[in-house]
Structures are given as C-alpha cells and as structure tokens.
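What follows is a set of notes on a single structure, which appears directly below.
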Ligand code: 13P
C-alpha cells in the first residue's frame, strides 16, 4: 500500500504576507484523522520557503521547492541548490515541470542533471513528465513519456525515494482533465517502465501522482485507480481550505 500524496504547486502565486491566512484556512478545514494517512506537500515560490517552512512544519505540512539545480553552488543566477534547500530543512523539490520545459528551456538532459543532484543529496524529487496535445493526437504519448523517464531513471538507481508526477500538458490549467481511465492507463505504463528499469520493488513503492485540473470534485475518482497515488495540484491548491478538502478526501478513503 503506497501512502497517498496531495501536493500543491503554487507556481508564481500567493504573497509571503498571505501565508498565515493560507495555513490558518488549511488548519481550520483539515481533518486530523484523515490527514494522518496522507503526505501533504505544498510548493511555494523560492522567496517564501523559509517562512512557509516555519509555519507549515507545525501543521505537519511538508514544504517543497519548485526547482533545484544540478550543481551544489556556483555562478547560476536565479537558481537554488539542494544544499541550500536542505540547510533550510526543505526535503522535497519539483523538477521538470512542463512550464519549466515550455518557458525556461528545461530539457530531458537538464532534468536528468537536476534529478541526479537531488538524489545524491537525499532530497526527494517530484519529477514531472507529460505529453502535449499534439503528441497525444499523433500517437506519440508512450514514446515521449518513455524518453522523459529514461532521462532520469538511471540517476535514481540505488538511491532513496522519488515521486513521479504525470501531468499531461493539455490538462494543465485548462479545466480539461484526463479521464480517470486515461490517467490510469498512462500510470500503468509508467509503473511498468519503472519495473523494467529499476526492478519490481522500486516500481511497487514509488508514488505516481496525477496532475492536470485536479480539484476536490474529481480527486476521488483518480485516487480510486490502482496506479494513481495522489495529485499534483495547481489552481485548486491556492486556497488553504480547498487544499485541506483534498487532503481530507485522500484520507477518507483509508479510514476504515
Ligand atoms: P492545474 O491543477 O492548475 O491544472 O495545474 C496542474 C499543475 O501544473 C501542477 O503542477
């Protein structure tokens, strides 16, 4: 049984001065009983990490970075390193989000480097993969996903935990979510590639999250699928109470 993860990717949203209000809305909505069964992760912008960590740690919420560099330090303006994150007590980092790939020149090669550095540092990466609409329509989904997986899976061999987020680009911020069946089929493909490359044990224990227009009203149907272990949520994670509702939904299924 894999422990579910509900992860909120804030992207470039929410002000540092709004953090207290966010987490107090979260705290007043979350059910402690449900939350016990769930890994709750929030990824604010880098500027907020220090203060977010000090507030969220009291609530059992894990803070994640939205990125991490492939070097430990150096002349890389605008980047953050695994050492810096760990020094703040941050243990998670999103890597390879499609917005990084689309707007900031992220490639499979740079994703591989970031994953390698994170894994060596014992940071838990949430590694994003996903196909565009044109790729899906041209029947290239499997080829694209396998290529993305191959760019970093070797870096995970013999290392600690990592999380994969399957985020079809056409479902991000569009309100056009993948059906639970389509997502399940793709997650199954990802898990079989994991098994082929890193063995059955790693494939069985690795959490694979679905991302793309996830919200309280559709989360349950994703979580009911065998190979979907949680959600990486953008828009619907921007309010503390809505994020808490999703944590409650993920925990409710495990209460009995
Ligand atoms: P939305 O939930 O807003 O579609 O964003 C998904 C996402 O990109 C999470 O990383």
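The values are calculated or read from the model by the stated rules, or taken from the named source; none is laboratory data. Since the model is a prediction, treat every value here as computed from it, not as a measurement. Counting neighbours? That spans all protein chains shown, and the Cβs are built from the backbone with ideal geometry, glycine included.
Annotations
- Candidates 142, 181, 106: the one that is assigned to a helix (DSSP H, G or I) and either in contact (Cβ under 8 Å) with a residue 60 or more places away in the chain or in contact with a helix residue (DSSP H, G or I) (Cβ under 7 Å, 6 or more places away or on another chain) (or both) is 142.
- Residue in the stretch 190-207 that is within 21 Å of residue 38 (Cα to Cα), within 16 Å of the ligand (Cβ to nearest atom) and either at pLDDT 95 or above or in contact with a strand residue (DSSP E or B) (Cβ under 9 Å, 6 or more places away or on another chain) (or both) present: yes
- Scope the stretch 5-38; condition in contact with a strand residue (DSSP E or B) (Cβ under 9 Å, 6 or more places away or on another chain), away from the ligand (no atom under 16 Å from the Cβ) and within 30 Å of residue 227 (Cβ to Cβ); matching residues: 26, 30, 38
- Count of residues meeting criterion [outside any helix (DSSP H, G or I), within 15 Å of the ligand (Cβ to nearest atom), at pLDDT below 95 and in contact with a helix residue (DSSP H, G or I) (Cβ under 7 Å, 6 or more places away or on another chain)] in the stretch 145-178: 5
- Only one of 133, 137, 106 that is surrounded by fewer than 23 Cβ atoms within 10 Å (Cβ to Cβ), under 25 Å from residue 176 (Cβ atoms) and under 17 Å from the mean Cα position of the chain (by Cα): 106
- Yes/no for residue 183 being within 16 Å of the ligand (Cβ to nearest atom), at pLDDT below 95 and buried (at least 20 other Cβ atoms within 10 Å of the Cβ): no
- From the options 9, 67, residue that is under 23 Å from residue 220 (Cβ atoms), under 18 Å from the mean Cα position of the chain (by Cα) and buried (at least 16 other Cβ atoms within 10 Å of the Cβ): 9
- Here residue 218 meets the list (1) part of a helix (DSSP H, G or I); (2) buried (at least 19 other Cβ atoms within 10 Å of the Cβ); (3) within 14 Å of the ligand (Cβ to nearest atom) almost entirely, failing just condition (2).
- Count of residues meeting criterion [more than 6 Å from the ligand (Cβ to nearest atom) and either closer than 15 Å to residue 40 by Cα or surrounded by fewer than 19 Cβ atoms within 10 Å (Cβ to Cβ) (or both)] in the stretch 224-235: 6
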